[in-house]
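Written below as structure tokens is the structure these notes are about.
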Amino acid sequence: MIIDFHTHYYPDKIVERALSSVQGLLEPATDGTRAGLEASMKRAGIDLSVALPLVNTPRNSRGVNHWALAENRPPIRMLGSIHPEDPEVMKALEWIAESGLPGVKVHPEYQHFRFSEERFFPVWEKCAQLGLFVLTHAGSDIKFSPPFQTNPAELAAFHRRFPTLKLVLAHLGGMDMWDEVEKELLGLPVYLDLAMIGDFNVGAEWLVRMIRRHGAERVLFGTDSPWLDQKRSVDFVRSLPLSETEKEQIFYRNAAGLLRLDVR
């Protein structure tokens, strides 16, 4: 079984705009639609994809989350999303939890916030109280310039401030900040996903060392589709000199636990 914990697709009315926003920076591997993602999954042998909507502005919360719930059916599992500056963010979190969506996606670059901001601490406390995990972008982003809103040291401090909050850090905890990831994050009880981590930007030996230092039980397979081809990512992880148990953890067991799925 394979679960891709980090994918994207877009409503028909905005898909063209979403893809064109990275024109010249990335070459999409699908057409950005649900049908495109499902076709990609079939080619790659992926059983379930977790799709990550994003509330770009506070006023979009209701529309984005209602769309996510309507799209939440096999073979795709949706997360909810919040904007920390939404004046009704607590109600949004309660609605997400009541709707059965297991977690929320945030992106500090697009949403212009930092995890160190004390004014948003009640938001993260509410997530922990409701049992919602938080999946966040981490590290550099091709569409933004440094300094970036997230870095491994700040994310480690955030985890220590909210130790009961289940935290998923995309891009192995900090895209292009690998030395700091090793120093600040490896070994902490947070999840790291492998979105946009592949044979084109890291070496197999280095990645295996990172996974084992952190613990394969806290690593999630992810691709960032449509921005990276799912089959290429599956093949890369399969080629790594990891044990079958480690690969099972990365490919589906860890994800199933977060999604509260019975995979027996």
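Picking from residues in the range 118-151 that are touching a residue at least 24 places away in the same chain (Cβ under 8 Å) and acidic (Asp, Glu), the one that is nearest to residue 166 (Cα to Cα) is 125.
Restricting attention to the range 41-57, the residues being farther than 20 Å from residue 144 by Cβ and more than 18 Å from the chain's Cα centre (by Cα) number 4. Only one residue in 49, 61 is at pLDDT 95 or above, in a helix (DSSP H, G or I) and buried (at least 18 other Cβ atoms within 10 Å of the Cβ). Which one? That would be 61, the only listed residue that is at pLDDT 95 or above, in a helix (DSSP H, G or I) and buried (at least 18 other Cβ atoms within 10 Å of the Cβ). Being among the aromatic types (Phe, Trp, Tyr), touching a residue at least 24 places away in the same chain (Cβ under 8 Å) and in contact with a helix residue (DSSP H, G or I) (Cβ under 9 Å, 6 or more places away or on another chain) holds for only one residue in 95, 67, and it is 95.
Total residues in the range 192-212 satisfying the condition of being closer than 19 Å to residue 253 by Cβ, charged (D, E, K, R) and surrounded by fewer than 24 Cβ atoms within 10 Å (Cβ to Cβ): the figure is 1.
Yes or no, residue by residue, for (1) assigned to a loop (DSSP other than H, G, I, E, B); (2) over 12 Å from residue 44 (Cα atoms):
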residue: 213; (1), (2): no, yes
residue: 232; (1), (2): no, no
residue: 241; (1), (2): yes, yes
residue: 246; (1), (2): no, yes
residue: 250; (1), (2): no, yes
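Name every residue in the range 167-191 that is within 15 Å of residue 215 (Cα to Cα), among the small types (Gly, Ala, Ser) and assigned to a loop (DSSP other than H, G, I, E, B), in order of residue number. Listed by number, the list holds a single entry, 187.
Select from the range 9-25 the residues that are part of a loop (DSSP other than H, G, I, E, B) and more than 18 Å from the chain's Cα centre (by Cα) and write down the one among them that is farthest from residue 144 (Cα to Cα). Please lay out each step first, then the result.
Of the residues in the range 9-25, the ones part of a loop (DSSP other than H, G, I, E, B) are 9-11, 21-25.
Restricting the remaining residues to those that are more than 18 Å from the chain's Cα centre (by Cα) gives 11, 21-25.
Values: 11: 24, 21: 12, 22: 11, 23: 14, 24: 14, 25: 11 Å.
So the residue we want is 11.
Put simply, of 217, 205 the only residue that is under 17 Å from the mean Cα position of the chain (by Cα) and in a helix (DSSP H, G or I) is 217. Among residues of the range 252-263 being in contact with a Phe, Trp or Tyr (Cβ under 8 Å, 6 or more places away or on another chain) and in a helix (DSSP H, G or I), the one that is nearest to residue 1 (Cα to Cα) is 252.
In the range 235-264, the qualifying residues are those that are over 19 Å from the mean Cα position of the chain (by Cα) and among the aliphatic types (A, V, I, L, M), and the one that is farthest from residue 166 (Cα to Cα) is 240.
Residue-by-condition table, conditions (1) surrounded by fewer than 20 Cβ atoms within 10 Å (Cβ to Cβ); (2) modelled with pLDDT of 95 or more; (3) in a helix (DSSP H, G or I); (4) hydrophobic (A, V, I, L, M, F, W, C):
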site	(1), (2), (3), (4)
87	yes, yes, no, no
92	no, yes, yes, yes
104	no, yes, no, yes
129	yes, yes, yes, no
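The values are calculated or read from the model by the stated rules, or taken from the named source; none is laboratory data. If you're wondering where the values come from, they're calculated on a predicted model, not measured in any experiment. We place every Cβ from the backbone using ideal geometry, glycine too, and count neighbours over all the protein chains shown.
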